[in-house]
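Visitor: The structure's right below; bear with me while I get my questions together.
The values are calculated or read from the model by the stated rules, or taken from the named source; none is laboratory data. The structure displayed is predicted, hence computed values, not measured ones. No Cβ is skipped: glycine too gets one built from the backbone with ideal geometry, and neighbour counts run over all protein chains shown. The area values use the complete protein model at the heavy-atom level, side chains included, leaving out ligands, DNA and RNA. Shrake-Rupley method; radii C 1.70, N 1.55, O 1.52, S 1.80 Å.
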Amino acid sequence: MQAPPWKAKVVEPITLASPTRRREAIAEAGHNTFLLRSEDVFIDLLTDSGTSALSQEQRAAMELGDEAYAGSRSYYRLEAAMKDVYGYRHLIPTHQGRGAEHLLSRALVRPGLLVPSNLYFTTSREHVTLAGGVWVDVAIPEASDPESMHPFKGNIDLELLEQVLKAAAPEQVAFVRQEACLNMAGGQPFSLENVRAVRELTLRFGVPFILDATRIAENALFVKEREPGNADRPLPEIIREIARLADGAVFSSKKDHFVPIGGMLCLNDDELAQRAREFLVVFEGFLHYGGMAGHDMEALAQGIRESADERIVLAYVTQARQLGRMLEQIGAPFVVPIGAHAIFLDAKRFLRHLPQAQFPAQSLAAALYLAGGVRSMERGIVSGQHGDEPYEGLELVRLTLPRRVYTYEHLSHVAETVGAVLAARDAVPGLRMTYEPEHLRFFQARFEPLAPYPPFDGTEAAGSGAFAASWTRPYAGST
Ligand SMILES: Cc1ncc(COP(=O)(O)O)c(C=O)c1O
């Protein structure tokens, strides 16, 4: 096993709450892991968004933050890092990824215009829909098959895309979107060959091609590992080639760039960038900070450079593979091949007795919390169903790995927890939704179990219930 190229210098205490407290906490949270207090969580695999460990170089760079409202030096350092690594002409800084999606949708989407994309991401689709656009799924069918071993499930179905563009382009297509390491399919990459073909089609039909490049570094690593002809290429070269194939990119920098907050809209077209900047000053902030402070931009500039370091990317992708191997040994069903940033448990196979209308993935996430204080995220019908449309798609629970944060022992605890739920799987109850928000319901929806959860052996008994040794008190007492 290869050791990661970093060691911990600052640590944060975590405690496994008692089984009784966990039962109270998940009930208080309406059986929605988003609504748990982090103090009640032991291993937090809710998301890799904004949860990475900063490097000492990032922290040092933050001291240099120039907080000028306009013309900040930190903005220009960020712009230089973006141009060095990705090569786009224009940088539009935003508070996080959805800020960039909002500006892009304002600038390009009008009522009735189509946005063909490989599957969807929740906030990406929501901004297009709010602007009146129509999301069109053009992912290959393997993307929705958790058992398919296709090495590039992030690919776009080229024939389908061509049909859509033939029927509608260019007037009725806002842009074509392709997401790197497709989150909703299980963190699955696209191939370079596929992006090249999408580039060719979008040029032929005269429509903009925009990447969701949030996880471009991992995608480049998979290209290097799996796509013939790329094994000897340096990672930065592959990243740069992918970026160059598109007219622009949206980034949530809270993932690959190791920052707690930040995002970018990057564009090549001068006129489009100008339009986006007009919305930038209305919704995010001035041109030279968007939604970030100067010190945030410094951490981001350094994070962008670290994100192209192959040793770093390999180390965190390896963690997903380690957890996958542990789960394979205990027979837990999950999406294959193992993706970039997470293991996605397949709740349909895990909880075979529950119909999708009883929210199996949501219930499995609650069970994992009860069994071992592990927080995960539903990525099934609660996240994926749009309005009243029928939904029979993937029903997954995402165990997401914050970058540079947890150790092998933490992963073992997660595997034991999954094992404890697996042992009692037939008794895990379905849920009833008691509160459904109008937008992005997965964040705030509340549920009630249709029967009590069973006791989970092993890890459940291990809770000490005592939070925080005395040395944490002055800084980290509960509110
Ligand atoms: C692929 C992808 N795009 C966009 C976003 C939205 O970014 P943010 O959460 O920074 O607003 C996310 C966040 O999880 C994401 O995974």
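Visitor: Using the Cα gyration tensor of region 116-193, with a ≥ b ≥ c the square roots of its eigenvalues, what is the shape: rounded (a/c below 1.5), prolate (a/b larger than b/c) or oblate (neither)? Mind dumping the intermediate values first?
Guide: Numbers: a/c = 2.35, a/b = 1.43, b/c = 1.65.
Judged from the Cα gyration tensor, region 116-193 comes out oblate (a/c at least 1.5, b/c at or above a/b).
Visitor: What distance in nm lies between label points placed 7 Å from Cα along the C-beta direction at E409 and V282?
Guide: 5.4
Visitor: Here is a follow-up. So if I place +1 on the C-beta of Lys and Arg and -1 on the C-beta of Asp and Glu, and nothing else carries charge, what would the dipole magnitude of region 3-153 be about its Cα centre? I want it in debye, nearest 20.
Guide: Working: 16 positive and 19 negative charges, 61 e Å.
It comes to approximately 300 debye.
Visitor: For region 221-376, which whole percent of the accessible surface, found with a 1.4 angstrom probe, sits on carbon and sulfur atoms? Could the numbers behind the result be given before it?
Guide: Working: 2600 of 4980 Å².
Carbon and sulfur atoms account for 52 percent of the accessible area of region 221-376.
Visitor: While we're on this one: Ignoring ligands, DNA and RNA, what accessible area per residue does the chain give at 1.4 Å, in Å²?
Guide: Working: 19300 Å² over 479 residues.
Accessible surface, normalised per residue, equals 40 Å².
Visitor: Would you work out which of G387, V128, G262 lies farthest towards the positive end of the dipole of the chain, given +1 charges on the beta-carbon of Lys and Arg and -1 on that of Asp and Glu, about the Cα centre?
Guide: Result: G262, furthest along the dipole toward the positive end.
Visitor: Ok, one more. At 1.4 Å probe size, with the rest of the protein present, what percent of the exposed accessible area of region 122-185 is carbon and sulfur atoms? All intermediate terms of the calculation are to be shown ahead of the outcome.
Guide: On the way: 1280 of 2420 Å².
Reported share for carbon and sulfur atoms: 53 percent.
Visitor: Can you find, among A17, A357, H90, the residue sitting farthest towards the positive end of the charge dipole of the chain, where Lys and Arg contribute +1 and Asp and Glu -1 at Cβ?
Guide: A17
Visitor: Considering the dipole of the chain built from charges on the beta carbon (Lys and Arg +1, Asp and Glu -1) around the Cα centre, which of H288, F251, F456 is farthest to its positive end?
Guide: So the residue furthest toward the plus end is F456.
Visitor: For region 1-126, what percent of Cα pairs sit more than 17 Å apart? Before the final figure, lay out the partial values.
Guide: On the way: 6052 of 7875 pairs.
Of the Cα pairs, 77 percent sit more than 17 Å apart.
Visitor: Starting with the highest mean, order 230-238, 306-314, 33-41, 262-270 by the number of other Cβ atoms within 10 Å, averaged over the residues of each peptide. List each step's numbers first, then the result.
Guide: Details: 230-238: 15.0, 306-314: 19.3, 33-41: 17.3, 262-270: 24.0.
Descending mean neighbour count gives 262-270, 306-314, 33-41, 230-238.
Visitor: Under 26 Å between alpha carbons, and skipping anything fewer than 8 positions from K83 in its own chain: which lysines qualify?
Guide: Straight-distance partners of K83: K224, K254, K255.
Visitor: While we're here: In whole percent, what relative contact order does the chain give with Cα contacts below 8 Å and a gap of six or more residues?
Guide: Numbers: 1033 pairs, mean separation 115.8, N = 479.
The normalised contact order for the chain reaches 24 percent.
Visitor: Charges at C-beta only: +1 for Lys and Arg, -1 for Asp and Glu. How large is the resulting dipole of the chain about its Cα centre, in Debye rounded to 20?
Guide: Working: 48 positive and 60 negative charges, 118 e Å.
Dipole magnitude for the chain comes out near 560 debye.
Visitor: Given a cut-off of under 8 Å on Cα pairs at least six residues apart, what relative contact order in percent is computed for region 37-151?
Guide: Working: 76 pairs, mean separation 17.5, N = 115.
In percent, rounded to a whole number, it is 15.
Visitor: Step through the residues of region 131-137 one at a time and calculate ³J(HN,Hα) from phi using the Karplus curve (6.51 cos²θ - 1.76 cosθ + 1.60, θ = phi - 60°), rounding each to whole Hz and writing x for Gly and Pro.
Guide: 7, x, x, 10, 6, 10, 7
Visitor: Which of the peptides 425-435, 368-378, 248-258 is most tightly packed, and how do the rest follow, going by the mean number of other Cβ atoms within 10 Å of each residue? Spell out each step's value before the answer.
Guide: Details: 425-435: 16.9, 368-378: 26.5, 248-258: 28.1.
Packing order, densest peptide first, comes out as 248-258, 368-378, 425-435.
Visitor: A further question follows. Using a 10 Å cut-off on Cβ atoms, rank the peptides 10-19, 286-295 from the highest mean neighbour count down. Spell out each step's value before the answer.
Guide: On the way: 10-19: 15.0, 286-295: 21.4.
Most protected by this proxy first, the peptides run 286-295, 10-19.
Visitor: Ignoring everything except DSSP H segments at least 4 long, calculate the 222 nm mean residue ellipticity for the chain; use -39,500 (n - 2.57) per segment, divide by total residues, nearest 500. Write out the running numbers ahead of the final one.
Guide: Numbers: 17 runs with 186 residues, N = 479.
-11500 deg cm²/dmol, from helical runs alone.
Visitor: Find the relative contact order for region 207-363 and round it to a whole percent, using C-alpha pairs within less than 8 Å whose residues are 6+ positions apart.
Guide: Details: 173 pairs, mean separation 29.0, N = 157.
That works out to 18 percent.
Visitor: Still on this model: Run the dipole for region 284-417 about the Cα centre, Lys and Arg Cβ at +1, Asp and Glu Cβ at -1, nothing else charged, and hand back the magnitude in debye, nearest 20.
Guide: Working: 12 positive and 15 negative charges, 88 e Å.
Around 420 debye, computed over region 284-417.
Visitor: Report the calculated FRET efficiency for R37 and E171 (r = Cβ-Cβ distance, R0 = 30 Å), to the nearest 0.05.
Guide: Values: r = 50 Å, r/R0 = 1.66.
Efficiency, from the Cβ-Cβ distance: 0.05.
Visitor: Along each of the three principal axes of the Cα atoms of the chain, give the extent in whole Å, ordering the values from largest to smallest.
Guide: 60, 51, 45
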